[in-house]
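Single-structure report; data block below.
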Amino acid sequence: MKAPLDFYFDFSSPYGYLASHKIDALAARHGRGVTWRPILLGAAFKASGVQPLVNVPLKGEYSKHDFLRSARFHNVPFRAPDPFPVSTVSACRAFYATGDVRLARALFKAWWFPFSHYGVIHGDPHLGNYTVFETEDAPAGINLLDYGCMRTFAPKFIQGVIDLYRGLLTGDRALVVHAYETWGFAGLSNELIDILNIWANFIYGPMLEDRVRTIAEDRNIGMYGRREAFKVHQGLREKGPVKVPREFVFMDRAAIGLGGVFLHRGPFAFVRELVRQGRRNLEIIKPSPGYDVDLLCRANAARKVRAGIVAMEGNFGLARWYRRAIERKESALEEHA
């Protein structure tokens, strides 16, 4: 029996992605199987003193053109990811934890299918957000969990994320201010910029220094970020206000999915706390809400409701405050009945 082909690839390599569509058919034509072997190109580059292809002057820009051209030639769907390259350590660890080739294929698809077809990637790809499903007691694929709050951002907003990082990294204050203005912040004084930079330096902190570090450094993990959040909150109260752009996913303006059905098993303590804190402009998502959405509409907290039927069941009738909010256009309704 002929030995299988060894297919070495990096989960983030465009050429590896293209080859993954061809390798099985190539091996079959020669009566051979395939052993998939994920590697980390970043580690190989570091050991050999070589830069990633896209970082090489002239050649890097040409390589991006060649990715697209090669995909067209092989008739493989491809959309260049941004940013690129991306870390694939978690994907490699997940594969070698099982050693199953079917899982390697599933991981490859999980990384590249959203990229190549929709320009989307899972935003939090740690091992806790993967589960392996089985067929006939063997790994057959993976589930990606916890996509979190899904939003579609304009390209200029993403450019603001990149500009803020580069501005903080190089100390270019003008680029930092440009990033904030790109997002929609207006009328920022130097004091307000300094306050916003407290949080920005915290968020980007792990990427601003090329060194090994723990997430929380020398702090108690339960207190991580609280000091910065307190300083920002206090500073904005003294020097603000500042109008937060709509794209930011804070509690105000957030989309919240509520559990339960009608009057059963709803998160009523949570809903009452939202009202107590005076939250506003919330988008509420629930198939069959009742008292919870009615209360949020009464408190003028619900900007939009995505729901099917909204009622208090037979004994209590319709949700009167919800109906009133919709009729007066105080809340918008997207009905899924």
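The values are calculated or read from the model by the stated rules, or taken from the named source; none is laboratory data. Here the structure is a predicted model, which is why all the values come from computation and not from measurement. Methodologically, a virtual Cβ is constructed for each residue, glycine included, from the backbone with ideal geometry; neighbour enumeration extends over all protein chains shown.
Name every residue in the range 226-243 that is surrounded by 14 or more Cβ atoms within 10 Å (Cβ to Cβ) and either free of Cβ contacts under 8 Å to residues at least 24 places away in the same chain or in contact with a Phe, Trp or Tyr (Cβ under 6 Å, 6 or more places away or on another chain) (or both), in order of residue number.
Result: 228, 232.
For residue 73, which of the numbered conditions (1) at pLDDT 75 or above; (2) touching an Asp or Glu at 6+ places or on another chain (Cβ under 8 Å); (3) in the same structural domain as residue 41 (by TED's automatic domain parsing) fails to hold?
Checking residue 73 against (1) at pLDDT 75 or above; (2) touching an Asp or Glu at 6+ places or on another chain (Cβ under 8 Å); (3) in the same structural domain as residue 41 (by TED's automatic domain parsing), the one that fails is (2).
Among residues belonging to the range 17-30 that are in contact (Cβ under 8 Å) with a residue 24 or more places away in the chain and assigned to a helix (DSSP H, G or I), point out the one that is nearest to residue 2 (Cα to Cα).
Per the criteria, the residue is 20.
Restrict the check to the range 96-111 and report whether at least one residue is at pLDDT below 75, farther than 26 Å from residue 238 by Cα and outside any helix (DSSP H, G or I).
yes
Only one of (1) modelled with pLDDT under 85; (2) assigned to a strand (DSSP E or B) fails for residue 45. Which number is that?
Exception for residue 45: condition (2).
Can you say whether residue 275 is touching a residue at least 12 places away in the same chain (Cβ under 8 Å) and over 26 Å from residue 244 (Cβ atoms), as far as the supplied structure shows?
So residue 275 fails the test.
Mind listing whichever residues of the range 19-40 are closer than 20 Å to residue 67 by Cα and small (Gly, Ala, Ser)?
Across the range 19-40, the qualifying residues are 19, 20.
Using beta carbons and a limit of 7 Å, which pairs, at least six apart or on different chains, have the first residue in the range 79-94 and outside any loop (DSSP other than H, G, I, E, B) and the second one modelled with pLDDT under 65 and surrounded by 18 or more Cβ atoms within 10 Å (Cβ to Cβ)?
Between residues of the range 79-94 that are outside any loop (DSSP other than H, G, I, E, B) and residues that are modelled with pLDDT under 65 and surrounded by 18 or more Cβ atoms within 10 Å (Cβ to Cβ), the close pairs are 90/125; 91/111.
Is at least one residue of the range 306-322 within 31 Å of the chain's Cα centre (by Cα), in a strand (DSSP E or B) and crowded, with 16+ Cβ neighbours inside 10 Å?
yes
Taking the range 1-33, which residues are surrounded by fewer than 19 Cβ atoms within 10 Å (Cβ to Cβ) and in contact with a Phe, Trp or Tyr (Cβ under 6 Å, 6 or more places away or on another chain)?
Residue satisfying the conditions is 23 alone.
Can you give me the number of residues within the range 170-221 that are acidic (Asp, Glu), assigned to a loop (DSSP other than H, G, I, E, B) and surrounded by 12 or more Cβ atoms within 10 Å (Cβ to Cβ)?
Count: 1.
Which residues, taken from the range 323-332, are part of a helix (DSSP H, G or I) and of a type in the set (A, V, I, L, M)?
325, 326
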